[in-house]
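Student: Sharing a structure here in C-alpha cells format.
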There are 2 protein chains.
Amino acid sequence: MNAPSASPDGLVAVGTLAVVGVGLIGGSFAAALRRAGLVGRVIGAGRRPETLAQAMSLGVIDEAVTLTEAARQADFIFIAAPVGAFAPIFNALGPELNPDALITDGGSTKQNVIVCARAGLKDRIAQFVPAHPMAGSHESGPAAASADLYAGRRVMLTPLAENRPQDVSRVQALWQACGAVVSTLDPAQHDAVMASISHLPHWLAAFYMRHILQSDDIALRLAMAGPGFRDFTRIAQGSPEMWRDIFLANREAMLGELSALRGVMDQAEQALLNHDGTWLQDALQEAARARSDWTGTGS
Amino acid sequence: MNAPSASPDGLVAVGTLAVVGVGLIGGSFAAALRRAGLVGRVIGAGRRPETLAQAMSLGVIDEAVTLTEAARQADFIFIAAPVGAFAPIFNALGPELNPDALITDGGSTKQNVIVCARAGLKDRIAQFVPAHPMAGSHESGPAAASADLYAGRRVMLTPLAENRPQDVSRVQALWQACGAVVSTLDPAQHDAVMASISHLPHWLAAFYMRHILQSDDIALRLAMAGPGFRDFTRIAQGSPEMWRDIFLANREAMLGELSALRGVMDQAEQALLNHDGTWLQDALQEAARARSDWTGTGS
C-alpha cells in the first residue's frame with residue numbers, strides 16, 4: 001500500500017483504489033479521482049470477465065482482480081453493484097481487508113447494505129462509510145463511465161456510529177473531489193426519503209408501462225404518445241436487476257409508501273366518481289404549485 | 001366574408017379567422033396560419049378582457065369581439081378553451097354561424113365536446129370538424145403563442161358522420177399548414193387512447209405529488225429529489241382547470257383505466273410482499289424493454 005498524503009480537509013490521495021463493479025457508477029468514480037490526481041492504481045473486480053476486460057481495454061481500471069485480491073491490495077474500496085449483490089461482496093472482502101483501508105459504496109438503499117456490511121466485515125465495520133451517489137444515466141457499462149458523472153450531483157453519506165470522524169471526512173472529501181455535493185443522513189431516514197422521491201416514482205412509471213402494454217390496441221396507443229408520456233415513463237427504462245434489488249432491499253419503506261399513496265388515489269377516484277370538480281381542481285392546483293415551487297423555473 | 005381561394009389539396013385561405021380563447025393554443029394556430037399567408041384577418045373572443053387586450057397588443061389578434069360577433073364575421077373558427085367551457089361557446093356560436101363557416105377545436109377530449117357541439121350547433125353540426133392538437137408548453141397565455149408550436153406535432157381529427165369530406169380535407173390542410181402531422185380516429189377511440197397515454201400519467205404524477213406533500217419532512221424530501229423525480233412529475237405542473245375539465249369530460253375512460261391499473265399495481269405489491277424477485281424482475285424488464293422500444297433511442 002502506498003503511503004497516503006493527507007491535507008487538512010481530509011483529502012488523502014488513494015494509493016490503490018479497488019472498484020467492485022466496473023460499470024457506469026464504479027468506472028466514473030475511478031475516472032473522476034484519476035482526473036483529480038488523487039489515485040495511483042485502479043484495480044477492478046466484478047462478476048463478468050468480459051466487462052472487466054472491457055474496463056481494462058478502456059483504461060477504466062489498470063488490472064482485473066478477485067475480490068480477495070482487491071481486499072489485500074486496496075487502501076480504498078468502492079462497491080458499485082446492485083444492492084442485492086452486496087452480501088457476498090462484503091463476505092469476501094471482510095477477512096482480507098487491510099486494517100487501514102476504507103470502503104464506501106454506491107448502493108441506492110442503505111439499511112440493507114449496512115446489515116450486509118456488518119455480517120461480512122464483522123469487527124472491521126468501522127472501516128465502511130456508506131454512501132449513495134444520486135447519479136445515473138440511461139447508459140451503463142464501463143464505456144459509459146465519465147469523470148463528469150458526479151459533477152454537481154448529490155451524494156448522501158449515512159455514517160455509522162462506529163465510523164471515525166476522520167474516515168467520514170476522508171470519504172466525503174473524495175466524493176467532493178469527484179464534484180459531488182455531499183449531505184449526511186441517518187440510514188433509516190435515507191431509505192424513507194428515497195422510497196418516496198425515487199423508488200415510488202420508478203415503481204409507478206414501470207407498472208404504468210406494464211398496465212398500458214395490456215391494451216388490445218397498444219401499437220396505436222404508443223404511436224399517439226407524446227412528450228408528457230416520454231417524460232413520465234423515462235425512469236421505467238432503468239436496469240430491471242438494479243430496481244428489483246432496490247425494491248426488495250427497501251421493502252418496508254416501499255410498502256408504507258404504497259399504502260399511503262393508495263389513500264390519496266382512492267380519494268381522487270372518489271372525487272371523479274362524484275363529479276367533484278372543486279376537489280379535483282384544488283388537488284391539482286396544490287400539486288401544480290408544489291411542482292412549480294420545487295423547480296422555481298417551470299422546467 | 002372574403003372569397004376563399006381553393007387549391008386541390010383542400011388548402012383554402014381563410015378570410016376571417018375567429019379564435020375563441022387567445023392563449024397558447026389558439027394564438028399559435030393564428031400565428032402559424034398568418035405566417036403561412038393563409039389568413040386575412042384574425043378576430044378573438046374570450047372570457048378575460050385583459051387577455052384579449054394583451055393578444056391585440058401582441059398582434060396575435062386584430063380585434064376582440066363577442067362570441068356572437070365571432071360567429072357572424074368568421075369563415076373559420078378555432079375553439080381553444082378548457083373542455084368544460086365548450087357548452088356555452090357552442091350555444092353562443094350556433095344561432096349566428098355563417099352557413100359556409102367551419103369550426104374546429106383544440107379540446108383534449110372529443111366525445112364530450114361533440115355532445116356540446118350537437119346541442120349548440122343543432123342542424124349545423126356538419127360544420128364542426130373536431131380536432132385535438134397534441135401540443136403544449138409549460139407556458140400559457142398569448143405571450144407564449146408561437147407559429148412553431150405545431151411544427152411536427154400530432155393533430156388527431158375525429159370527424160363526424162355528418163361532415164362533408166371536403167370540409168374534413170380543408171381542416172386537415174390547415175392543420176398541416178401549421179406544420180402538424182394529422183391522424184384520423186374515431187372519437188371514442190381517441191378518448192380511450194388519450195385516457196391511457198396522456199390523462200392517466202397526468203393523474204398519477206399529480207396525485208403522487210399530493211401524496212408526498214403529506215410527509216412530515218417534505219422539505220428534506222424535495223431537497224433530495226433528483227432528475228428522475230423531475231421528469232416523472234413535470235406534467236403535474238399543467239393547468240389545474242384544464243386537467244380538471246379533461247378528467248371530468250373523459251370520466252368513463254379514466255375510471256376504466258384506474259380500475260385496470262389497480263389490478264396491475266395490486267399484483268406488483270403482492271410480489272413485493274412475497275419477496276418475489278423473479279416476478280418483479282420480469283415485470284420491470286418488460287416495462288424497460290417496452291419503454292426503450294418506444295423511443296428507439298434510449299432517450
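Values quoted throughout were computed directly from the atomic coordinates according to the rules given, and no laboratory measurement underlies them. Values in this document were obtained by computation on a predicted structure and should not be read as measured data. Here the Cβ positions follow ideal geometry from the backbone for every residue, glycine too, while neighbour counts run over all protein chains shown.
Student: Estimate the FRET efficiency between B:GLU252 and A:GLU162 by the formula 1/(1 + (r/R0)^6), using the beta-carbon distance for r and 60 Å for R0, to the nearest 0.05.
Tutor: On the way: r = 59 Å, r/R0 = 0.98.
The calculated FRET efficiency here is 0.55.
Student: For region B:265-274, take each phi angle, set θ = phi - 60°, evaluate the Karplus expression 6.51 cos²θ - 1.76 cosθ + 1.60, and give the result in whole Hz per residue in order, putting x for glycine and proline.
Tutor: Working through the residues one at a time gives 5, 5, 5, 5, 5, 4, 4, 5, 4, 8 Hz.
Student: Measuring label to label, 7 Å along Cα→Cβ, what does A:ARG41 give against each other copy in nm, shortest first?
Tutor: Here A:ARG41 shows inter-copy label distances of 8.6 nm.
Student: While we're looking at this one, here's another question. At a Förster distance of 35 Å, what's the computed FRET efficiency of A:ARG47 paired with A:ALA126, Cβ-Cβ distance as r, to 0.05? Before the final figure, lay out the partial values.
Tutor: Working: r = 28 Å, r/R0 = 0.79.
So the FRET efficiency works out to roughly 0.80.
Student: Something else now. Along the Cα-to-C-beta direction of A:ASN91, a point sits 7 Å from the Cα; which residues of region A:101-123 have their amide N less than 14 Å from that point?
Tutor: Answer for region A:101-123: A:116-122.
Student: Compute the separation of the alpha-carbon centres of region A:210-265 and region A:166-194 and state it in Å as a whole number.
Tutor: Between the Cα centre of region A:210-265 and that of region A:166-194, the gap is 28 Å.
Student: A further question on this structure: At A:GLN189, with labels set 7 Å past Cα in the Cβ direction, how many nm apart are the copies from this one, shortest first?
Tutor: Result, one decimal in nm: 5.5.
Student: Full extension from A:LEU213 to A:ALA119: what is 0.36 nm times the residue separation minus their Cα-Cα distance, to one decimal in nm? Let's see the in-between values first.
Tutor: Numbers: separation 94, 0.36 × 94 = 33.84 nm, distance 4.15 nm.
This chain segment gains 29.7 nm when fully extended.
Student: Also: Tilt of helix A:200-213 relative to the longest C-alpha principal axis of chain A, in degrees (0 to 90, nearest 10)?
Tutor: Approximately 60 degrees, to the nearest ten.
Student: Follow-up. Mind pulling the angle between the C-alpha long axis of helix B:240-249 and the longest principal axis of chain B? Nearest 10 degrees, somewhere in 0 to 90.
Tutor: 90 degrees
Student: Would you mind pulling out the separation of the Cα centroids of region B:26-68 and region A:103-119, in Å?
Tutor: Spelled out, the Cα-based centre of one part sits 61 Å from the other.
Student: Follow-up. I'd like the FRET efficiency for B:SER140 and A:ALA144, computed as 1/(1 + (r/R0)^6) with the beta carbon distance as r and R0 of 41 Å, rounded to 0.05. Show your work: numbers first, answer last.
Tutor: Numbers: r = 38 Å, r/R0 = 0.92.
The pair B:SER140/A:ALA144 has a calculated efficiency of 0.60.
Student: Only helical DSSP H runs with n ≥ 4 go in: add -39500 (n - 2.57) per run for chain B, normalise by residue count and round the 222 nm mean residue ellipticity to 500 deg cm²/dmol.
Tutor: Values: 13 runs with 148 residues, N = 299.
Per the formula, -15000 deg cm²/dmol.
Student: While we're here: In degrees, nearest 10, range 0 to 90: what is the angle between the Cα axis of helix B:111-121 and the longest Cα principal axis of chain B?
Tutor: Between the helix axis and the principal axis of chain B, the angle is about 20 degrees.
Student: If you stretched the chain out fully between A:ASP276 and A:VAL181, how much longer would it get, using 0.36 nm times the residue separation minus the C-alpha to C-alpha distance?
Tutor: 29.8 nm
Student: Could you derive backbone 3J(HN,Hα) for region A:282-291 from the dihedral phi with the Karplus parameters 6.51, -1.76 and 1.60 (θ = phi - 60°), listing whole Hz in sequence and x where the residue is Gly or Pro?
Tutor: After applying 6.51 cos²θ - 1.76 cosθ + 1.60, I find 4, 5, 5, 5, 4, 5, 5, 5, 4, 5 Hz.
Student: So for B:THR68, A:THR233, fewest C-beta neighbours within 10 Å to most, what's the order? Mind dumping the intermediate values first?
Tutor: Numbers: B:THR68 13, A:THR233 25.
Ordered by Cβ neighbours within 10 Å, fewest first: B:THR68, A:THR233.
Student: So, one more: Report ³J(HN,Hα) in whole Hz for each residue of region A:219-227, in order, from the Karplus equation J = 6.51 cos²θ - 1.76 cosθ + 1.60 where θ = phi - 60°; Gly and Pro get x.
Tutor: 4, 4, 4, 5, 5, 8, 5, x, x
Student: Shifting gears a bit: First check a/c for region A:14-185, with a ≥ b ≥ c the square roots of the eigenvalues of its C-alpha gyration tensor; if it is under 1.5, answer rounded, and if not, answer prolate when a/b is larger than b/c or oblate otherwise. Numbers along the way, then the final one.
Tutor: Working: a/c = 1.42, a/b = 1.14, b/c = 1.24.
Rounded, since a/c falls under 1.5.
Student: Going by the rotation axis that takes chain B to chain A, pick out the residue of B with the closest C-beta and quote the gap in whole Å.
Tutor: Rotation axis B onto A, closest Cβ, rounded to whole Å: B:ASP231, 2.
Student: Let me ask another. Taking a label point 7 Å out from Cα toward Cβ, give me the nm distances from A:GLY263 to the same spot in the other copies, shortest first, one decimal.
Tutor: In ascending order, 2.9 nm.
Student: OK, next. When only C-alpha pairs under 8 Å and at least 6 residues apart count, what is the relative contact order of chain B, in percent?
Tutor: So the answer I get is 16 percent.
Student: 5 Å is the cut-off here: which amide hydrogens, built 1.01 Å from N in the peptide plane, fall below it relative to A:ILE77, excluding neighbours closer than 5 in sequence?
Tutor: A:ALA18, A:LEU102, A:ILE103, A:THR104
Student: Quick query: amide H of B:VAL182 versus all other amide H atoms, modeled in the peptide plane; which residues come in under 5 Å with a sequence gap of 5 or more or a different chain?
Tutor: B:VAL155
Student: For region B:11-109, rounded, prolate or oblate, judged on the Cα gyration tensor with a ≥ b ≥ c (square roots of eigenvalues), a/c < 1.5 rounded, else prolate if a/b > b/c? Each step should come with its number before you reach the end.
Tutor: Working: a/c = 1.36, a/b = 1.08, b/c = 1.25.
It is rounded, given that a/c, with a ≥ b ≥ c, falls under 1.5.
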